[in-house]
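Remarks on the structure that follows.
The values are calculated or read from the model by the stated rules, or taken from the named source; none is laboratory data. Just so it is clear, the model here is predicted, and its values are computed rather than measured. Note that we place each Cβ from the backbone using ideal geometry, even for glycine, and neighbour counts take in every protein chain shown. Quick note on the areas: whole protein, heavy atoms, side chains included, nothing else; ligands and nucleic acids left out. Shrake-Rupley method; radii C 1.70, N 1.55, O 1.52, S 1.80 Å.
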Amino acid sequence: MTPITFTNAIERTAQRRRHLLLGNGFSISAWSDFRYDALQGKIVGESDRIDALFDSFQTADFERVARALREAQRVLEVHEGAEALIKIIENDHHDLRRLLVSAIAGTHPAAPSELGDLFDCCASFLGHFVGKARGKALLGNVFSTNYDLLLYWALMRGKDVLEANDGFLGGRPLTWAPGREQRIFYLHGALHLFEAEGVTQKLAVPDRLIDAIGGRIEKQDVPLFISEGSSHEKRVRIEESRYLKAASDCLGEACDDPEASLFIFGHSLRAEDAHIFERIPDGRVSEVFISVRDVDRSEAKAEIRKAAELWVAKRAERGGPPLEVFSYNPAEAAPWG
C-alpha cells in the first residue's frame, strides 16, 4: 500500500467518480457508544448463557459469538439425539441477534440534535462522493455496513447539497423500488429498514425515529439486519432479500467501474466481510483508498496490508487491469470534524 494524504487522494481523483464504502469506524468516530464493548455491556444480564459465551471467548465481538453458535450447531447436527440441544443453540442465536439490535437502538442518540453541528462536517465529507456540485457524470455511490441512523440523518440534513436518493419512494410507509438514480445503499440493512413478504420499507416518522424503532423492536418486529457470524452466512442471508441482493450487486458494479475510485472508511477488512471485499479484485476499479489509523495495532495494520496485497495479486492473476491501493489517515478525512 502506498501512503497518501486524504487531500491528495481527493485531488488525484477530481475527474473520476468516487464511490465510498463505510464501516463501523465512521459511526464510532461520531458516537463512541457504538463500539462493540459498549454494546456488549448494554446486554449484560439479559441472558445468562450469552453472557457466559462472551466471557468464555473473552470478547465483546457479537459476530465472534454468533459464529461460535453456528459452528456448534453444525457439529451437533451430525450427532444423533442432539435435537433438543440444537434447538437451544438456535434460540440463543436468535436472542443474540435480538439483543444486538436492542443494544444499538438503546445506545443510539435519541435525535440528530444530540450531535449538534457535526452534520455540517459530515455533509462536506460526503460531498466528495455524492455532492450535487460534482455534476451527474461524476456522482458516485455510498455503501454502508452500519446499522445505525447517522448516515441517514447526515444525508437528510445535507439534502440541499447531497444526492441522497436511497431508493425509497413516497407514501406511508416508504417502499423501496430499484432504480438507476439510487445513490445510497445499506449493505447489511439498518435500524430504519423493515422487510415483510419480500417488500422492504423505510420507517419515517415526524417525531423521534429511534423511539418508533424501539417500539417495533419491543413488539418483536426486528429491522432488516444482517448479523450472521461468517461471510458465507451473510452471503446466504443477502440472497434472501431483494433489497440486500440489489445493494450487493450495485457494490459489484461500483467495483467494476473502470472510471471510478473506491474509498473505504472505517473498515478493518475482517474475514467476516469477505463477501464485500472480494468484489475489488474481481472488478476493474483501478484505485482503492483505505483508511488506516495511526493508533491501530501493528497486527491490525498488517492484516489490512495483507488484504490489499492479496487484492492486487488476485487482480493480476486473473489478467484484470492493474490495481493500486493507497492508505490514508482517517483523521485527515474527518467526516465529523
Out of (1) within 20 Å of W31 (Cα to Cα); (2) open to solvent by less than 70 Å² (accessible area, probe 1.4 Å); (3) modelled with pLDDT under 95; (4) not hydroxyl-bearing (S, T, Y), what's the single condition that is false for I304?
(1)
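Taking the condition of being within 15 Å of L20 (Cβ to Cβ) and open to solvent by 30 Å² or more (accessible area, probe 1.4 Å), how many residues in segment 178-198 meet it? Even if it seems obvious, please write down each step before you answer.
Within segment 178-198, the first condition is being within 15 Å of L20 (Cβ to Cβ), and the residues that meet it are 182-187.
With the extra rule that they be open to solvent by 30 Å² or more (accessible area, probe 1.4 Å), the set shrinks to 183.
Residues flagged as within 15 Å of L20 (Cβ to Cβ) and open to solvent by 30 Å² or more (accessible area, probe 1.4 Å) within segment 178-198 amount to 1.
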For segment 214-234, which residues satisfy the criterion of being assigned to a helix (DSSP H, G or I) and either in contact with a Gly (Cβ under 7 Å, 6 or more places away or on another chain) or modelled with pLDDT of 80 or more (or both)?
S231, H232, E233, K234
Verdict on V65 being in contact with a Pro (Cβ under 9 Å, 6 or more places away or on another chain) and closer than 24 Å to D33 by Cβ:
no
Give me the pairs, please: first residue somewhere in segment 72-88 and small (G, A, S), second residue anywhere and modelled with pLDDT of 90 or more and not in a loop (DSSP other than H, G, I, E, B), beta-carbon distance under 7 Å, and either six or more positions apart or on two chains.
A72/I89; A82/L76
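For segment 68-83, name all the residues that are open to solvent by 30 Å² or more (accessible area, probe 1.4 Å), in contact with a helix residue (DSSP H, G or I) (Cβ under 8 Å, 6 or more places away or on another chain) and assigned to a helix (DSSP H, G or I). Steps first, answer last, please.
Of the residues in segment 68-83, the ones open to solvent by 30 Å² or more (accessible area, probe 1.4 Å) are 70-72, 74-81, 83.
Restricting the remaining residues to those that are in contact with a helix residue (DSSP H, G or I) (Cβ under 8 Å, 6 or more places away or on another chain) gives 70, 72, 76-77.
R70, A72, L76 - these are the residues of segment 68-83 that are open to solvent by 30 Å² or more (accessible area, probe 1.4 Å), in contact with a helix residue (DSSP H, G or I) (Cβ under 8 Å, 6 or more places away or on another chain) and assigned to a helix (DSSP H, G or I).
Look through segment 1-27, keep the residues that are aliphatic (A, V, I, L, M) and either in a loop (DSSP other than H, G, I, E, B) or open to solvent by 50 Å² or more (accessible area, probe 1.4 Å) (or both), and return whichever of them is modelled with the lowest pLDDT. Walk me through how you get there before you give the answer.
The first filter runs over segment 1-27 and keeps only residues aliphatic (A, V, I, L, M), leaving 1, 4, 9-10, 14, 20-22.
With the extra rule that they be either in a loop (DSSP other than H, G, I, E, B) or open to solvent by 50 Å² or more (accessible area, probe 1.4 Å) (or both), the set shrinks to 1, 4, 14.
On the way: M1: 90, I4: 97, A14: 97.
Taking the candidates together, the pick is M1.
Does A110 satisfy being of a type in the set (A, V, I, L, M, F, W, C), surrounded by fewer than 16 Cβ atoms within 10 Å (Cβ to Cβ) and at pLDDT below 90?
Yes; evaluated as a whole, the condition is true for this residue.
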For segment 307-335, which residues satisfy the criterion of being in contact (Cβ under 8 Å) with a residue 60 or more places away in the chain, buried (at least 19 other Cβ atoms within 10 Å of the Cβ) and over 15 Å from I10 (Cα atoms)?
A308
Any residue in segment 143-158 that is surrounded by fewer than 18 Cβ atoms within 10 Å (Cβ to Cβ) and touching a Gly at 6+ places or on another chain (Cβ under 7 Å)?
no
Of all residues in segment 221-275, which are touching a residue at least 60 places away in the same chain (Cβ under 8 Å), among the polar types (S, T, N, Q) and within 22 Å of H192 (Cβ to Cβ)?
S227, S248
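With D61, D37 as the choices, which residue is surrounded by 15 or more Cβ atoms within 10 Å (Cβ to Cβ) and more than 30 Å from L162 (Cβ to Cβ)? Explain how you work it out, then say what you get.
On the way: D37 fails: surrounded by 15 or more Cβ atoms within 10 Å (Cβ to Cβ).
None of the others qualify; the one that does is D61.
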Verdict on T175 being touching a strand residue (DSSP E or B) at 6+ places or on another chain (Cβ under 7 Å), part of a strand (DSSP E or B) and open to solvent by less than 10 Å² (accessible area, probe 1.4 Å):
no
